[in-house]
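Derivation of every value follows stated rules applied to the coordinates shown; laboratory data play no part. Not measured: the values here are computed from a predicted model. With ideal geometry, Cβ positions are generated from the backbone for all residues, glycine too; neighbour counts draw on all protein chains shown.
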Amino acid sequence: MNEALHFAVSFLLQVVSFIFVARFLLQACRVDFYNPISQGLVRITDPVLKPLRLVLPGYRNFDFASFFAAVVVQILLIMALSALGGGYVGSVATIILSGLMQVILECIRIFWWSILIVIIAGWIAPGSYHPALALLQQITEPLLAPARRLLPPMGGIDFSPILVFLILGVIERILPQVFMALL
């Protein structure tokens, strides 16, 4: 029974965190908010984010309220899982930094999977349109555009995702070590 409760709590809080991180990335990447998926995320998150924006206003295209909400959900996840496991949570600084690190790692994973899906969709159905695919292309473009300037297409093949995968992988592996050094 404890395992099932552990799974349910973990799943629900991770989904909520993913929704807030997705909302943050949509605004950070200047994604088209007329996309039906974007509009759905806005409708889902606005009841929480509108009051939070009174305290944490955004700056340019960075929505600090959604980022903060994702960090809070990750902190709740850490505390809930440690309470269910009967273990020690840690100091306040440890919990906050762990929540922050998990949100940043979630952003990296979203970028990674978005690039992979866009690549596969480009092979399977090139030139086709779907709102989800358009959304993913808009999310990945801020990362891929600078990489394309460094690695122009060679023979019609775009090698820029390889460079972005390498950079994201290095950041994903270094980030926990940096956070541990801060503690």
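Test ILE119 against the stated conditions and say whether it is surrounded by fewer than 18 Cβ atoms within 10 Å (Cβ to Cβ), under 19 Å from PHE20 (Cα atoms) and in contact (Cβ under 8 Å) with a residue 12 or more places away in the chain. Break it down into steps so the answer makes sense when it comes.
On the way: surrounded by fewer than 18 Cβ atoms within 10 Å (Cβ to Cβ): yes; under 19 Å from PHE20 (Cα atoms): no; in contact (Cβ under 8 Å) with a residue 12 or more places away in the chain: yes.
No; evaluated as a whole, the condition is false for this residue.
Please name all residue pairs, on different chains or six or more residues apart, with Cβ atoms under 9 Å, provided the first residue is in region 1-25 and is touching a residue at least 12 places away in the same chain (Cβ under 8 Å) and the second residue is charged (D, E, K, R) and in a helix (DSSP H, G or I).
From region 1-25, the pairs are GLN14/GLU106; SER17/GLU106; PHE18/GLU106; VAL21/GLU106.
Any residue at all in region 52-74 that's polar (S, T, N, Q), more than 25 Å from ALA93 (Cβ to Cβ) and surrounded by 17 or more Cβ atoms within 10 Å (Cβ to Cβ)? Steps first, answer last, please.
The first filter runs over region 52-74 and keeps only residues polar (S, T, N, Q), leaving 61, 66, 74.
From what is left, the residues that are more than 25 Å from ALA93 (Cβ to Cβ) are 61.
Still in the list and also surrounded by 17 or more Cβ atoms within 10 Å (Cβ to Cβ): none.
No.
Hey, does region 87-103 have a residue that's among the hydroxyl-bearing types (Ser, Thr, Tyr) and over 24 Å from PRO176 (Cβ atoms)? Give the derivation first.
Restricting attention to region 87-103, the residues satisfying the condition of being among the hydroxyl-bearing types (Ser, Thr, Tyr) are 88, 91, 94, 98.
Narrowing further to those that are over 24 Å from PRO176 (Cβ atoms): none.
Among the residues of region 87-103, not one is among the hydroxyl-bearing types (Ser, Thr, Tyr) and over 24 Å from PRO176 (Cβ atoms), which makes the answer no.
Would you be able to tell me the number of residues in region 127-165 that are without any contact (Cβ under 8 Å) to a residue 60 or more places away in the chain, part of a helix (DSSP H, G or I) and either hydrophobic (A, V, I, L, M, F, W, C) or in contact with a His (Cβ under 6 Å, 6 or more places away or on another chain) (or both)?
Of the residues in region 127-165, 11 are without any contact (Cβ under 8 Å) to a residue 60 or more places away in the chain, part of a helix (DSSP H, G or I) and either hydrophobic (A, V, I, L, M, F, W, C) or in contact with a His (Cβ under 6 Å, 6 or more places away or on another chain) (or both).
Across region 6-41, which residue is farthest from the chain's Cα centre (by Cα) among those that are over 25 Å from MET101 (Cβ atoms) and surrounded by 15 or more Cβ atoms within 10 Å (Cβ to Cβ)?
Here the answer is ASN35.
If GLY90 meets every condition in (1) surrounded by 20 or more Cβ atoms within 10 Å (Cβ to Cβ); (2) of a type in the set (Gly, Ala, Ser); (3) not in a helix (DSSP H, G or I) apart from one, which number is that one?
In the conditions (1) surrounded by 20 or more Cβ atoms within 10 Å (Cβ to Cβ); (2) of a type in the set (Gly, Ala, Ser); (3) not in a helix (DSSP H, G or I), GLY90 misses (1) alone.
Only residues that are of a type in the set (Gly, Ala, Ser) and part of a helix (DSSP H, G or I): list them for region 35-68, please.
Selection gives SER38, GLY40, ALA65, SER66.
Answer yes or no as to whether ALA147 is more than 15 Å from the chain's Cα centre (by Cα) and under 23 Å from SER66 (Cβ atoms).
No.
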